[in-house]
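J.: Please find one structure pasted underneath; my questions will follow.
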Amino acid sequence: MKILITGGAGYIGSTICSALEDKGHEIIIIDNLSSNGSKKKSCQNFYQNDISNIKALNQIESEHKNIDAVIHCAAKIFVPESVSNPSIYYEENVTKTLTLLNWMKKADISNIIFSSTASLYRSAEDQVVTENSELQPSSPYAKTKLSMEFILEDFCNAYKMKCISLRYFNPIGADPKMRSGPNFSNSTHLLGKLIQAYESEDKKFTITGNNWNTKDGTGIRDYVHVWDLAEAHLKALERINSITSTLSPFIPINIGSGTGLTVKEMVSIFEEVVGIELNTKIMEPRPGDVAGNFADITNAKNLLDWEPRMSIEQGIADAIKWYRKKSI
Ligand SMILES: NC(=O)c1ccc[n+]([C@@H]2O[C@H](COP(=O)([O-])OP(=O)(O)OC[C@H]3O[C@@H](n4cnc5c(N)ncnc54)[C@H](O)[C@@H]3O)[C@@H](O)[C@H]2O)c1
């Protein structure tokens with residue numbers, strides 16, 4: 001297949017590119033390299049440009065006939081920044097997606113796999129969420145993702161497009177062959193912070209909040225190895241025509257491990273992997289923190305024939321390996 005990947009120089013986009021290339025697919029990347037630390041992939045068909053640049057999109061169209069699908073990863077992704085500056089998030093994520101979709105319509109590309117997020121869901125009583133669980137995006141960032149899902153659904157219904165919206169839970173780890181990995185410089189995620197604590201002199205790590213309604217009071221998350229996540233995109237591309245229909249051309253699918261891990265559990269797995277104990281302190285939750293959810297992945301199993309294969313320990317080990325590679 002011939003696939004256009006927006007944001008293909010980022011953490012998840014470039015890992016998807018490697019998974020696609022490994023399977024012999026042709027990839028075209030458009031990325032404006034705005035994300036701190038993202039790097040031009042060694043890809044022949046790399047367009048350093050913005051997804052809202054119609055000229056660049058038209059150039060792609062004329063240089064690459066018959067693109068089979070778009071994987072739309074490009075977005076601004078920082079929750080605190082989206083709270084302080086929502087305008088830029090709606091502009092970058094929503095308005096620019098609209099431009100991309102209108103171009104796809106004109107270029108007659110009807111299939112799209114969208115990078116959505118589990119932060120669309122309201123915290124559930126029993127913590128497990130299906131695609132039909134109540135939505136209550138907790139930040140402007142998450143609201144831009146839900147807005148994009150609404151737009152995609154309407155485009156699919158009106159213009160005969162097809163979309164699988166993959167709602168990622170918490171991607172961790174790196175490409176096992178170390179071709180791509182997370183950007184730790186502005187890490188707000190738990191594993192990034194654990195690695196930073198582990199690499200520091202004092203090994204200090206702070207758990208924010210231990211009074212949630214979870215088994216040990218600390219927040220719960222669902223971690224999925226980024227390589228498993230990349231493989232879910234391959235499955236979605238292979239199956240999009242068979243699982244969508246005129247009546248449901250837009251399908252959201254949870255992509256997680258299907259298991260919830262509390263922060264305390266994650267800390268002790270991390271300590272086992274690295275072989276030392278961190279100097280852990282408990283503090284009050286930060287504004288905007290939530291108890292968290294984990295994924296019901298029945299739809300991913302049944303519709304995509306996808307299941308995660310990599311362990312949490314592997315995700316931690318790959319992330320540390322990538323961190324060290326980047327620090328050399
Ligand atoms: N990382 C996560 O924890 C997570 C969780 C859920 C969903 N997602 C979604 O997955 C996608 C990829 O996330 P990531 O972690 O790889 O982020 P990332 O910042 O590493 O990658 C995003 C890429 O998009 C590019 N980009 C941003 N705006 C662009 C534009 N207007 N035009 C062209 N390129 C643009 C950036 O330069 C960057 O390379 C995002 O849509 C994000 O919302 C990520």
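The values are calculated or read from the model by the stated rules, or taken from the named source; none is laboratory data. Not measured: the values here are computed from a predicted model. With ideal geometry, Cβ positions are generated from the backbone for all residues, glycine too; neighbour counts draw on all protein chains shown. We work out accessible area using only protein heavy atoms, side chains counted, and drop any ligands, DNA or RNA first. Shrake-Rupley method; radii C 1.70, N 1.55, O 1.52, S 1.80 Å.
J.: Can you run the Rg to Rh ratio on region 67-128? Use alpha carbon positions and the Kirkwood inverse-distance Rh.
T.: Working: Rg = 14.7 Å, Rh = 13.7 Å.
Ratio of gyration radius to Kirkwood radius for region 67-128: 1.08.
J.: Compare 266, 310, 1 by solvent-accessible area with a 1.4 Å probe and give them largest first, with all protein chains kept in place. Don't skip to the end; give the middle numbers.
T.: Values: 266 0, 310 50, 1 85 Å².
From most accessible down to least: 1, 310, 266.
J.: OK, next. Place +1 on the Cβ of every Lys and Arg and -1 on the Cβ of every Asp and Glu in the chain, take the dipole about the Cα centre, and give the residue among 237, 293, 54 whose Cα lies farthest towards its positive end.
T.: Going by the Cα projections, it comes out as 54.
J.: Per residue, how much accessible area does region 192-300 have with a 1.4 Å probe, in Å²?
T.: 45
J.: To continue, here is another question. Working from Cα positions, state the angle (0 to 90°, nearest 10) between the long axis of helix 11-22 and the longest principal axis of the chain.
T.: Computed tilt is about 60 degrees.
J.: Considering only 97, 144, 169, whose Cα is most displaced toward the positive end of the charge dipole of the chain, charges sitting on Cβ of Lys, Arg (+1) and Asp, Glu (-1)?
T.: The listed residue farthest towards the positive side: 97.
J.: Total Lys pairs in region 54-171 closer than 12 Å by alpha-carbon, pairs eight or more apart in sequence or interchain only?
T.: Values: 76/96; 76/145; 105/160; 105/162.
Counting lysine pairs in region 54-171 gives 4.
J.: Using C-alpha positions alone, give me the convex hull volume of region 168-306 per residue in cubic angstrom. If you can, show how the numbers build up before the last one.
T.: Details: hull volume 20.3 nm³, N = 139.
With only Cα atoms used, region 168-306 gives 146 Å³ per residue.
J.: Report the equivalent ellipsoid semi-axes for region 262-328 in whole Å, largest first, defined as the square roots of five times the eigenvalues of the gyration tensor built from alpha carbon atoms.
T.: Working: eigenvalues 138, 88, 30 Å².
Each semi-axis is the square root of five times an eigenvalue, giving 26, 21, 12 Å.
J.: Using heavy-atom solvent-accessible surface (probe 1.4 Å) with all chains present, what is the largest-first order of 289, 318, 154? Intermediate results must be reported in sequence, preceding the final value.
T.: Working: 289 35, 318 10, 154 100 Å².
Largest accessible area first, the residues go 154, 289, 318.
J.: For region 104-143, state the average projected area of the convex hull of the C-alpha atoms over all orientations, rounded to one decimal in nm².
T.: On the way: hull surface 15.9 nm².
That works out to 4.0 nm², a quarter of the Cα hull's surface.
J.: Then there is this: Compute the convex hull volume of the Cα atoms of the chain, divide it by the residue count, and report the result per residue in Å³ as a whole number.
T.: Working: hull volume 41.3 nm³, N = 328.
Each residue corresponds to 126 Å³ of Cα convex hull volume.
J.: List, in order, the whole-Hz ³J(HN,Hα) value for each residue of region 231-248 obtained from phi through the Karplus relation with A = 6.51, B = -1.76, C = 1.60 and θ = phi - 60°; use x for Gly and Pro.
T.: Ordered by residue, 3J(HN,Hα) equals 5, 4, 5, 4, 4, 5, 5, 5, 10, 4, 6, 7, 9, 8, 8, 4, 6, 10 Hz.
J.: Please list, by residue number, every one of the GluC sites (Glu not before Pro) in region 259-327 that is coil in DSSP and has at most 16 other beta-carbon atoms within 10 Å.
T.: Values: sites: 265, 271, 272, 277, 313; in loops: 277.
Passing both the DSSP loop test and the Cβ count: 277.
J.: Just how many % of Cα pairs in region 1-149 lie over 21 Å apart, if you round to the nearest whole percent? List each step's numbers first, then the result.
T.: Values: 5077 of 11026 pairs.
Taking all Cα-Cα pairs of region 1-149, the fraction more than 21 Å apart is 46 percent.
J.: Can you tell me what share of the DSSP beta bridges in the chain is antiparallel? A percent to the nearest 5 is fine. Walk me through the intermediate numbers first.
T.: Working: 3 of 41 bridges.
Antiparallel bridges: around 5 percent, rounded to the nearest 5.
J.: Taking the Cα centre of region 72-227 as origin, work out the dipole magnitude from +1 charges on Lys and Arg Cβ and -1 charges on Asp and Glu Cβ, in debye rounded to 20. Could the numbers behind the result be given before it?
T.: Details: 17 positive and 17 negative charges, 79 e Å.
Computed about the Cα centre, the dipole is about 380 debye.
J.: Which distance in nm do the two modelled labels at residue 158 and residue 302 give, with both placed 7 Å along the Cα-to-Cβ direction?
T.: Each label point lies 7 Å from its Cα, and together they span 3.1 nm.
J.: Label points 7 Å out from Cα along the Cβ direction at residue 206 and residue 246: separation in nm?
T.: Going by the 7 Å Cα→Cβ label model, 5.8 nm.
J.: Sticking with this one: Quickly estimate the mean residue ellipticity at 222 nm for the chain, helices only: each DSSP H run with n ≥ 4 gives -39500 (n - 2.57), and the total goes over all residues, rounded to 500. Don't skip to the answer; put the middle values down first.
T.: Numbers: 11 runs with 126 residues, N = 328.
Result for the chain: -12000 deg cm²/dmol, rounded to the nearest 500.
J.: If you don't mind, there's one more thing I want to ask. Using alpha carbons only, how many degrees (0 to 90, rounded to 10) separate the axis of helix 190-199 from the longest principal axis of the chain?
T.: Taking Cα atoms only, the helix is inclined about 50 degrees.
J.: Additional query: If contacts are Cα pairs under 8 angstrom and at least 6 residues apart, what is the relative contact order of the chain in percent? Provide the component values of the computation, followed by the final result.
T.: Details: 622 pairs, mean separation 62.4, N = 328.
It comes to 19 percent, rounded to a whole number.
J.: Roughly what would the spin-label model give for residue 26 and residue 313, points 7 Å off Cα along C-beta, in nm?
T.: For the pair residue 26/residue 313, the computed spacing is 4.3 nm.
J.: Considering only protein heavy atoms, what per residue accessible area in square angstrom results for region 67-121 with a 1.4 angstrom probe?
T.: Working: 2090 Å² over 55 residues.
Computed with neighbouring chains in place, this is 38 Å² per residue.
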